[in-house]
1. Which residue is surrounded by the fewest Cβ atoms within 10 Å (Cβ to Cβ), if the candidates are limited to the stretch 123-144 and must be in a helix (DSSP H, G or I) and of a type in the set (D, E, K, R)?
2. So in the stretch 9-64, with the set limited to residues that are small (Gly, Ala, Ser) and more than 26 Å from Ser125 (Cβ to Cβ), which one is nearest to the chain's Cα centre (by Cα)?
3. Please indicate, with yes or no, whether at least one residue in the stretch 53-64 is buried (at least 18 other Cβ atoms within 10 Å of the Cβ), of a type in the set (Val, Ile, Thr) and within 12 Å of Glu101 (Cβ to Cβ).
4. Could you grab me the full set of residues in the stretch 20-42 that are surrounded by 18 or more Cβ atoms within 10 Å (Cβ to Cβ) and either under 21 Å from His91 (Cα atoms) or without any contact (Cβ under 8 Å) to a residue 12 or more places away in the chain (or both)?
5. Assess whether Leu49 counts as being within 27 Å of Gly10 (Cα to Cα), in contact with a helix residue (DSSP H, G or I) (Cβ under 7 Å, 6 or more places away or on another chain), crowded, with 19+ Cβ neighbours inside 10 Å and not hydroxyl-bearing (Ser, Thr, Tyr).
Amino acid sequence: MRILLEQLNGLLSEEPDPIATMANAAAFLFNALPGVSWAGFYLLRGEDLVVGPFCGKPACTRIKPGRGVCGTAFSERKTIVVPDVHEFPGHIACDPDSRSEIVIPLFGKDSVPFGVLDLDSTEYSRFDEMTADFLIKASEIISLRLND
């Protein structure tokens, strides 16, 4: 996973535009991790998390903080790993084929969350501890690039 983090860092290191950064990060994670059916971003816009660059099927456009896995991870400021989305209270089913999910909050320089990194899979329990650790480190690289 260290090599993937180095590749991600290299991919994002020279790009100042946040849309390009998120688009390439989403594409990189979508293609680097087997079994991922959706990878992308939700960003705080006003009072909602609004879908940003992603790879996968069309997604829910707006999510209220505190709702679903994305809104909960954002509000609680912590990574949430869901082995079975059908067992998560209030799960928002954007893709009926989704079975597991991981959401990592993204933090600005002032440690205030500005969005989330969201990955879904059609496999149950796709996101183990090693993958979660990798994605947390990846989200730190992405956040740094977005806050340069």
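The values are calculated or read from the model by the stated rules, or taken from the named source; none is laboratory data. Predicted model only: the values in this text are computed from it and were never measured. Cβ sites come from the backbone with ideal geometry, for glycine too, and all protein chains shown count toward neighbours.
1. Filtering the stretch 123-144 for residues in a helix (DSSP H, G or I) gives 129-144.
In the following step, the residues that additionally are of a type in the set (D, E, K, R) were identified as 129, 133, 137, 140.
Working: Glu129: 8, Asp133: 12, Lys137: 17, Glu140: 14.
Per the criteria, the residue is Glu129.
2. Step one: list which residues in the stretch 9-64 are small (Gly, Ala, Ser), which gives 10, 13, 20, 23, 25-27, 32, 35, 37, 39-40, 46, 52, 56, 59.
Narrowing further to those that are more than 26 Å from Ser125 (Cβ to Cβ): 10, 13, 20, 23, 46, 52.
Details: Gly10: 19, Ser13: 19, Ala20: 16, Ala23: 12, Gly46: 19, Gly52: 10 Å.
Among those residues, the one meeting the criterion is Gly52.
3. The answer is no, given that none of the residues of the stretch 53-64 is buried (at least 18 other Cβ atoms within 10 Å of the Cβ), of a type in the set (Val, Ile, Thr) and within 12 Å of Glu101 (Cβ to Cβ).
4. Val36, Ser37, Trp38, Ala39, Gly40, Phe41, Tyr42
5. Spelling it out, it is not the case that Leu49 is within 27 Å of Gly10 (Cα to Cα), in contact with a helix residue (DSSP H, G or I) (Cβ under 7 Å, 6 or more places away or on another chain), crowded, with 19+ Cβ neighbours inside 10 Å and not hydroxyl-bearing (Ser, Thr, Tyr).
Conditions (1) modelled with pLDDT of 95 or more; (2) exposed (fewer than 13 other Cβ atoms within 10 Å of the Cβ); (3) not aliphatic (A, V, I, L, M), marked per residue:
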position: Asp84; (1), (2), (3): yes, yes, yes
position: Cys94; (1), (2), (3): no, no, yes
position: Asp97; (1), (2), (3): no, yes, yes
position: Ser100; (1), (2), (3): yes, no, yes
position: Val103; (1), (2), (3): yes, no, no
position: Phe107; (1), (2), (3): yes, no, yes
position: Asp110; (1), (2), (3): no, yes, yes
position: Val116; (1), (2), (3): yes, no, no
position: Ser121; (1), (2), (3): yes, no, yes
